[in-house]
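The values are calculated or read from the model by the stated rules, or taken from the named source; none is laboratory data. As the structure is a computational prediction, the values presented were derived from the model and not from experiment. Using ideal geometry, Cβ is built from the backbone for each residue, glycine included, and neighbour counts are taken over all protein chains shown.
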Amino acid sequence: MATATEQWVLVEMVQALYEAPAYHLILEGILILWIIRLLFSKTYKLQERSDLTVKEREELIEEWQPEPLVPPISKDHPALNYNIVSGPPSHNIVVNGKECINFASFNFLGLLDNPRIKAAALASLKKYGVGACGPRGFYGTFDVHLDLEDRLAKFMKTEEAILYSYGFATIASAIPAYSKRGDIVFVDKAACFAIQKGLQASRSDIKLFKHNDMADLERLLKEQEIEDQKNPRKARVTRRFIVVEGLYMNTGAICPLPELVKLKYKYKARIFLEESLSFGVLGEHGRGVTEHYGINIDDIDLISANMENSLASVGGFCCGRSFVIDHQRLSGQGYCFSASLPPLLAAAAIEALNIMEENPGIFALLKEKCEQIHKALQGISGLKVVGESFSPAFHLQLENSTGSREDDVKLLQEIVNQCMNRSVALTQARYLEREEKWLPPPSIRVVVTVEQTEEELEEAAATIKEVAQAILL
Amino acid sequence: MNVGVAHSEVNPNTRVMNSRGMWLTYALGVGLLHIVLLSIPFFSVPVAWTLTNIIHNLGMYVFLHAVKGTPFETPDQGKARLLTHWEQLDYGVQFTSSRKFFTISPIILVASGVLNSSKRPSTMHQLVLEQRRMKNTKDTRYFLASFYTKYDPTHFILNTASLLSVLIPKMPQLHGVRIFGINKY
């Protein structure tokens, strides 16, 4: 009975198939064919590399010449002939056995040798040991880190701060955390190498404007605005940033922050301010370029600084609104994937902040000394002073270049060596010449600290003048 | 990439459809949707089938072909920001097993829907009963005609349209294509 029913049902099904309308059958036929074609398709990548024939491959292999792993360099390359410092690089520095006055280390506030800081670091060393042995996410967060972040945020009058364990990595991690592919960054041509590496890592569109030239920046911003009006949907998903430094390391100039804030609100871009050289230097209380100009700190979206200059510690920090800084806790590559700052250095930085808060008079003192040596070094034959008068790190460049960079460097090195013989420790500004986007001309970088007395400053200026006169004329 | 394992996948969206149990979950989900729709007393069987198709294809279109980017931050600085999930699958390699599965499954769903939308009796048993009834009335021509009611073309058109809307974006020729600039940024 069951078999008969099944057979009969099958007949009915076949009958139903015959009686179905044509479009049904056609559709189902197409679908079955499509399924079969899909099941038998091979996987393939969409963009195939152009295939080379075997002969072409052999040819290419034959003509390839390997470059040497270590390129040939001359014996007097500066990286091979470095000066050896014995003892701390404080005010009196012992270079190659000779005692000199230090005009090269970025020890602006003289906190490197400070006994209070040393005591705080030693106490921390006894309590925590030497290293942190872990990133911030994996048992690398100590109370000193949270303390230091808190203190920095309070000092800079922002909502939150985040610590990095390496000064170079601070801005190089902060920029790619916010700016991604398809975003636009307007950056000064003379930005320091760390900013350049951060921009490279961000994969964004970089638009360089002439150094400190607000007209050029406005031109670029206007061009971008015209592009945006042509394609408003794209503009809605594009983020725009302006990256500037407070005091530029490569030129000693200060950025015109009030105009930048005006441009920010006019063209709707965010400002990232790199304050490595101006933190602890500019402003009434050392809060940097925003205090110097009297600008509300909330107008600046992100302030990044390294603690290796004024604070005489290691590492760096970013500060700003909580909404901005919190993002870096998961996206800042240098924060998540590097070991955290050794606690003793964090304790040293906290003590340095204490000292800065207790005597705010040192900033005015530093400013006086800068202006003094700036004035004293004017009018050297053959060298010109490049940098603001209140910038503690400025450059001495050759007035008339010899024509080749190598010769300029050699000349300046002669001056530096002679000054070293006369107990003035100077250095040339060094760059990775092939990697820099805008290579500054060779220069001697002079650094002023609060520990240098007025007599020492006058003496150093006189020494440099004599040496320059002897060598350049 | 499977759930609950540590992986170093740059963009997990590319591997999620290959994860263990994903296909089964998807099939069960579609089955659940269909059973829920069948349970609603107002819908007849063809309506339930067509609704399953439409809802499934709509969901598939929105999640695979409309929404762009990733819900998480990727270490490649936003390479997939403007790509839909379908374009991100397997890093753009065409005709992988996941892609084949997700192309075939709406076809099978729609094929079943079309087969069932003709107002024919939904089970073989019902078919047999109706046959017997018809045989008793001795009017087989009427029986055959009653197979195809006037709702059939509507269902057919709806099913086919939603199937096309979900099959055409999956073709490799349409990888990265944004017609009329819709959904480009």
Report task. Kindly provide the set of residues from the range A:184-205 that are in a loop (DSSP other than H, G, I, E, B) and in contact with a Pro (Cβ under 9 Å, 6 or more places away or on another chain), ordered by number. Result -> A:A190, A:R203, A:S204
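Could you check the range B:156-180 and list, in sequence order, the residues that are under 19 Å from the mean Cα position of the chain (by Cα) and at the interface with chain A (Cβ under 10 Å from one of its Cβ atoms)?
Residues satisfying the conditions are B:F156, B:I157, B:N159, B:T160, B:L163, B:L167, B:K170, B:P172.
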Report summary line: Within the range A:331-347, the residues that are in contact with a Lys or Arg (Cβ under 8 Å, 6 or more places away or on another chain) and over 20 Å from B:S8 (Cβ atoms) are A:S340, A:P343
Query raised in the report: What number of residues within the range A:144-173 satisfy the criterion of being in a helix (DSSP H, G or I) and away from chain B (no Cβ under 14 Å)?
Result: 18
Report task. State whether one or more residues within the range B:4-15 are crowded, with 17+ Cβ neighbours inside 10 Å, in contact (Cβ under 8 Å) with a residue 40 or more places away in the chain and in a helix (DSSP H, G or I). Result -> yes
Query raised in the report: Just for the range A:212-224: of the residues that are loosely packed, with under 15 Cβ neighbours inside 10 Å and in a helix (DSSP H, G or I), which one is nearest to the other protein chains (Cβ to nearest Cβ)?
Result: A:E223
Query raised in the report: Only one residue in A:K230, A:K234, A:K157 is in contact (Cβ under 8 Å) with a residue 12 or more places away in the chain, over 24 Å from A:P342 (Cα atoms) and either within 13 Å of the chain's Cα centre (by Cα) or assigned by the TED database to the domain that holds A:D299 (or both). Which one?
Result: A:K157
Query raised in the report: Restricted to the range A:197-211, and to residues that are in contact (Cβ under 8 Å) with a residue 24 or more places away in the chain and surrounded by fewer than 18 Cβ atoms within 10 Å (Cβ to Cβ), which residue is farthest from the other protein chains (Cβ to nearest Cβ)?
Result: A:H211
**Report entry** the range B:76-116, residues that are more than 10 Å from chain A (Cβ to nearest Cβ), among the hydrophobic types (A, V, I, L, M, F, W, C) and closer than 25 Å to A:L31 by Cα
**Finding:** B:W86, B:L89, B:F102, B:L109
Query raised in the report: Of the numbered conditions (1) over 30 Å from A:G286 (Cα atoms); (2) more than 14 Å from chain B (Cβ to nearest Cβ); (3) assigned to a helix (DSSP H, G or I), A:R233 satisfies every one except a single condition; which is it?
Result: (2)
**Report entry** Residue in the range A:414-459 that is nearest to A:V385 (Cα to Cα), counting only those that are among the small types (G, A, S) and assigned to a loop (DSSP other than H, G, I, E, B)
**Finding:** A:A429
Report summary line: Among the residues of the range B:54-75, the number that are away from every other protein chain (no Cβ under 13 Å) and either in a helix (DSSP H, G or I) or crowded, with 16+ Cβ neighbours inside 10 Å (or both) is 13
Report task. Take the range A:286-327 and flag every residue that is part of a helix (DSSP H, G or I) and buried (at least 24 other Cβ atoms within 10 Å of the Cβ). Result -> A:V289, A:T290
Query raised in the report: among the β-branched types (V, I, T) and within 29 Å of A:E451 (Cβ to Cβ): does that describe A:V324?
Result: no
Query raised in the report: Checking A:R181 against (1) within 22 Å of the chain's Cα centre (by Cα); (2) within 14 Å of another protein chain (Cβ to nearest Cβ); (3) part of a helix (DSSP H, G or I), which single condition isn't satisfied?
Result: (3)
Report task. Take A:I355 and decide whether it is at pLDDT below 95, over 19 Å from the mean Cα position of the chain (by Cα) and not in a loop (DSSP other than H, G, I, E, B). Result -> no
